[in-house]
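Throughout, read-outs are computed from the coordinates displayed, never taken from laboratory work. Keep in mind the model is a prediction, meaning the values are calculated, not measured. Note that we place each Cβ from the backbone using ideal geometry, even for glycine, and neighbour counts take in every protein chain shown.
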Amino acid sequence: MSPVRALIVFALAICIASWAAQAQTPAAPQPQPKAQSRPATPPTPTLTAPYDHDLQRLSEILGALHFLRAICGSNEGQKWREEAQALIDAETPNGQRHDQMVASFNRGYRAFQQSYRTCTPAADFAIRRYLDEGAKIAREITARYAN
């Protein structure tokens, strides 16, 4: 599967998941997430594709979703880890690029693991925010780099 095709599939999965998450939660105003809920992504000097920074951010988002959706009772199992693996498989990065994508996923997971033990309104808000951001990144990469 080509990287662009994989991103299109991922974008559709994110949009569907985003829609499902919004349908399950009330439209009441949500509190702001904790300051720790969005870890900074350091710039990476060894990028080899023009969209590598976006792919790393997407990997980080998938890691965060893997943790947050689990504590919020989504019963999705390994869905977000599998999405990250599909992204890595589609991109087929070697060496340091591969390691950076895996590290980004782990960074996203650990950032929330350190802050949340149970599902809170802030965790629900972060989930929606990450679903939206992930879908946006996937759409932008697809629009910019698709043939």
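Can ALA84 be described as surrounded by 16 or more Cβ atoms within 10 Å (Cβ to Cβ), closer than 14 Å to ARG57 by Cβ and within 14 Å of the chain's Cα centre (by Cα)? The answer is yes for ALA84. Taking (1) part of a helix (DSSP H, G or I); (2) under 17 Å from ALA64 (Cβ atoms) in turn, ARG117 satisfies each apart from (1).
Restricting to the range 93-114, what's the tally of residues that are without any contact (Cβ under 8 Å) to a residue 60 or more places away in the chain and in a helix (DSSP H, G or I)?
Residues of the range 93-114 that are without any contact (Cβ under 8 Å) to a residue 60 or more places away in the chain, as a first pass: 93-103, 105-106, 109-110, 113.
Subset that is in a helix (DSSP H, G or I): 95-103, 105-106, 109-110, 113.
Final tally of qualifying residues: 14.
Restricting attention to the range 88-122 and to residues that are under 14 Å from the mean Cα position of the chain (by Cα), of a type in the set (A, V, I, L, M) and under 21 Å from GLU76 (Cα atoms), the residue that is surrounded by the fewest Cβ atoms within 10 Å (Cβ to Cβ) turns out to be VAL102.
The residues in the range 65-86 that are closer than 16 Å to ALA123 by Cα, out of contact with any helix residue (DSSP H, G or I) (no Cβ under 7 Å at 6 or more places or on another chain) and in a helix (DSSP H, G or I) can be counted, and the count is 1. Within the range 126-147, the set of residues being more than 23 Å from TYR109 (Cβ to Cβ), in a helix (DSSP H, G or I) and of a type outside the set (A, V, I, L, M) comprises ARG139, GLU140, THR142, ARG144, TYR145. Of the residues examined, ALA90 is not one that is touching a residue at least 60 places away in the same chain (Cβ under 8 Å), of a type in the set (A, V, I, L, M), in contact with a Phe, Trp or Tyr (Cβ under 9 Å, 6 or more places away or on another chain) and over 30 Å from THR48 (Cβ atoms).
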